[in-house]
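What follows is a single structure, written as structure tokens, with notes after it.
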Amino acid sequence: MGMFMRRKRRQIPGLNTASLPDLIFTMLFFFMIVTNMRESSPHVPLELPAGQGLEKVGEMSGLHYIYIGMEQGKTYVQWDDDVLPLGQLEHRLRLSQQSVETDGPLEIALGVDGRVEMQQVEEVKQVLRRNRVSVVYYLGEESRPEH
Amino acid sequence: MFGKRIKRRVPEINATSTADMAFMLLVFFLLATSMGVKKSIRRELPPSTDSVRVEPLRVKERDLLVFRLDGEGRLFAGSEEIPLTDVKERVKHFIANPDNEESLPEKHSREVPLLGTVEVTDTHVIALRYDPHTDYRTYFEVQNLLLEAYCELRDAEAEKRFHCTFDRASSEQQEAIRACYPQRISETMTAEEKGGRD
């Protein structure tokens, strides 16, 4: 009876993984193209205001980030990757102005939480103006138009 | 010496670990890069008035449009309170001055490359005054509306002149259109005389 006959041992064929690297490389190239180098990310609690039709911030060497975040009525200031008191901002700005080879003016991207009062933003703006920063980018989230 | 040579087989290179290598690279790029492109409003800051003596800018009454934000987030144009939704139309009407009205900015003939002689309201100033207690969100919204107003005017002009949107135009064309609608915005905090201009 065929039913009770001993079955032939079958071998599972080895999975051919020769094209796996190609697959991964494709993914790698995809990520290399759609992403850009992480410059600095906010470490302070931050909710950027929303806007429409905003311009892209170009990635350039002389660009520094200042974030002003807010939590429970207290504001936090961040220069590139360090959280520091507002008073030290000018010192750090001067340091980076000295260290950077002056091939272009220093530009600042300013990410401010929507709830922060303008007097604090104004203080930062005054620091920037005193140190001859001529261009500032007010960061915001792009929101979709309602219509 | 002349005997038939034994055919040798070149051993295959084991490529199993190439995938791991590629994975390593992939993970590195995932960590070191960020996906989102940062979006912003670009503004130029004037030099500090402490270090440079600046002649006060003389602006004719008809060339000036003043918006004032108070501490509660209300917006005033002159002395009347207006909703934020009105800002864009007001600004567009003010800058373009389509009917050449006496009360709106004066038009000047300017030579613009590619476009020839153009009537431009290039002395207009939009002044944004804000209270120290205005929150940044409201300020940003108004700035965004000003930006949109300029963008829409520039888009309309690009459509008329070059039959494409402002973004699609070449850099010379964009430059020409920018010259038709130059951004002139002054920012001041109401407590003290401080400002910003583009």
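The values are calculated or read from the model by the stated rules, or taken from the named source; none is laboratory data. These numbers come from a predicted model, not from an experiment. Every residue, glycine as well, gets a Cβ built from its backbone with ideal geometry; the counts of neighbours run over all protein chains shown. Quick note on the areas: whole protein, heavy atoms, side chains included, nothing else; ligands and nucleic acids left out. Shrake-Rupley method; radii C 1.70, N 1.55, O 1.52, S 1.80 Å.
Both numbers refer to the Cα atoms of chain A; Rg and Dmax are 26.4, 98 Å. Antiparallel beta bridges, as assigned by DSSP with both residues in chain A, represent about 45 percent of the total such bridges.
What's the FRET efficiency of A:E142 with A:Q88 using the Cβ-Cβ distance as r and R₀ = 41 Å, to the nearest 0.05? Efficiency for this residue pair is about 0.85. Shielding of peptide B:98-104 by partners, expressed as the average count of other chain Cβ atoms within 10 Å per residue Cβ, is 0. All distinct Cα pairs of the protein assembly as shown go into the 1/r average, and the inverse of that average, the Kirkwood radius, is 24.3 Å. Taking each DSSP H run with n ≥ 4 as -39500 (n - 2.57) and averaging over every residue of the protein assembly as shown yields -9500 deg cm²/dmol at 222 nm. Between B and A, roughly 4800 Å² of accessible area is buried in total, ligands, DNA and RNA not counted and the probe set to 1.4 Å.
Within the full protein context, the accessible area of B:H93 is estimated at about 80 Å² for a probe radius of 1.4 Å.
Gyration tensor analysis over the Cα atoms of region A:88-137 returns equivalent ellipsoid semi-axes of 22, 11, 9 Å (largest first, whole Å).
Counting Cβ atoms of other protein chains within 10 Å of each Cβ in A:113-125 and taking the mean gives 6.
Of the complete DSSP H runs in chain B, those spanning 20 angstrom or more by Cα along the long axis with a mean Kyte-Doolittle score not below -0.5 are B:18-32. Starting from the Kirkwood Rh over alpha-carbon pairs, what translational D in µm² s⁻¹ does region B:40-187 have by Stokes-Einstein at 37 °C and 0.692 mPa s? After rounding, the answer is 197 µm²/s. Other residues with beta-carbon under 15 Å from the beta-carbon of A:V83 carry, at +1 per Lys or Arg and -1 per Asp or Glu, a net charge of -3.
Per-residue shielding of A:11-21, expressed as the average number of other chain Cβ atoms within 10 Å of the residue Cβ, stands at 2. In this label model, B:R90 and A:R132 are separated by 3.8 nm, measuring between points 7 Å along each Cα→Cβ vector. By the Stokes-Einstein formula, at 0.692 mPa s and 37 °C, region B:69-141 with its Kirkwood radius over alpha-carbon pairs has D equal to 229 µm²/s.
A straight chain from B:I82 to B:L64 at 0.36 nm per residue would run longer than the Cα-Cα distance by 4.8 nm.
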